[in-house]
Amino acid sequence: MASELTFRNLESTDEVRAAHPLEVAGYSEEEAASLESLLYRFSNAPHLFFGAFDPDQGIVGFITSTQSASPLVTHDSMSTHDPKGSTACIHSVCVHPEWQCKGVATKLLELYPQTVRRYNSTIGESEERTRITRLAMMARKDLVPFYQRAGYTNCGQSTVVHGTEEWYDCIRDI
C-alpha cells in the first residue's frame, strides 16, 4: 500500500536511472522518454522530479515536469525547461507494475501540488525564477477520469501528436 512508502523529490542521477525502467514500462516505445530526457529534466528542474520510494525496492513511482511559458503541454515543453515559465508541464506519471492499483499514483498526484507550493515558497521577488501557478499534462483518453478525480480539468483533445495515442489536455491551477 502507498502508506508504506516515502514520498520525496529525487536526489541523485542514480535515482533517475532507477526510474527510467518505470518510464519504459509505462509508455509505448514512441512515447517513453529516453534516459537522457529524464536526466535533462532532473538536471534542469529537480524541484519537479518527485518520487515514491519503498524501503526495499527503491523508487516505485514518479512524476516529472519542466516549466513552460505555455499554459498547456507543447512539443517544445517536452524537451526544454523555462525557469521563467509559470506552468509545470507534467511529462510522466509512472508506477512500477507491481505497485499499480495500490494508490501510489493517486498519492503522487495528491502530494505533487504541495511539492510545487513548497518550491514556490523559496522564490524571492527579485529572482530569475518564476512561481508555478498551473500544472498541465496530456492524458490518454482512458485516464482522463482518473486525473479528473485527482483535481484536473479536461480541456479537450490536445493538438500535440505524440506516438499513436489520442491525448487530452488536463490542467490544475495551484
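The values are calculated or read from the model by the stated rules, or taken from the named source; none is laboratory data. Model, not experiment: these values are computed from the prediction. Methodologically, a virtual Cβ is constructed for each residue, glycine included, from the backbone with ideal geometry; neighbour enumeration extends over all protein chains shown. The protein model used for the area step is the full one, side chains on, heavy atoms only, and it has no ligands, DNA or RNA in it. Shrake-Rupley method; radii C 1.70, N 1.55, O 1.52, S 1.80 Å.
For this structure, a couple of remarks:
- Meets criteria (modelled with pLDDT of 95 or more and in contact with a Phe, Trp or Tyr (Cβ under 7 Å, 6 or more places away or on another chain)) for Arg117: no
- From the options Ser70, Ser65, residue that is farther than 23 Å from Glu23 by Cα and out of contact with any Phe, Trp or Tyr (no Cβ under 6 Å at 6 or more places or on another chain): Ser70
- For beta carbons closer than 8 Å, sequence separation of 6+ or different chains, a first residue in segment 80-101 that is without any contact (Cβ under 8 Å) to a residue 24 or more places away in the chain and a second that is of a type in the set (Lys, Arg) and surrounded by fewer than 20 Cβ atoms within 10 Å (Cβ to Cβ), there are no qualifying pairs.
- Lys141 meets the conditions (1) under 15 Å from Ala88 (Cβ atoms); (2) open to solvent by 60 Å² or more (accessible area, probe 1.4 Å); (3) of a type in the set (Lys, Arg) in every case but one. The failed one is (1).
- Within segment 86-115, if we keep just the residues that are in contact with a helix residue (DSSP H, G or I) (Cβ under 8 Å, 6 or more places away or on another chain) and either basic (Lys, Arg) or in a loop (DSSP other than H, G, I, E, B) (or both), the residue that is most open to solvent (accessible area, probe 1.4 Å) turns out to be Lys102.
- Counting residues in segment 1-16 that are in contact with a helix residue (DSSP H, G or I) (Cβ under 8 Å, 6 or more places away or on another chain), basic (Lys, Arg) and outside any loop (DSSP other than H, G, I, E, B) gives zero.
- Condition check for Arg41: surrounded by fewer than 19 Cβ atoms within 10 Å (Cβ to Cβ) and touching a Phe, Trp or Tyr at 6+ places or on another chain (Cβ under 9 Å): no
- Segment 28-41, residues that are assigned to a helix (DSSP H, G or I) and closer than 24 Å to Trp167 by Cα: Leu35, Glu36, Ser37, Leu38, Tyr40, Arg41
- The criterion of being among the hydrophobic types (A, V, I, L, M, F, W, C) and open to solvent by 40 Å² or more (accessible area, probe 1.4 Å) does not hold for Val16.
- Residue check for Val60: of a type in the set (A, V, I, L, M), open to solvent by less than 70 Å² (accessible area, probe 1.4 Å) and over 13 Å from the mean Cα position of the chain (by Cα): yes
- Matching option when the condition is of a type in the set (A, V, I, L, M) and touching a strand residue (DSSP E or B) at 6+ places or on another chain (Cβ under 6 Å), among Ala32, Ala18, Ala69, Ala25: Ala18
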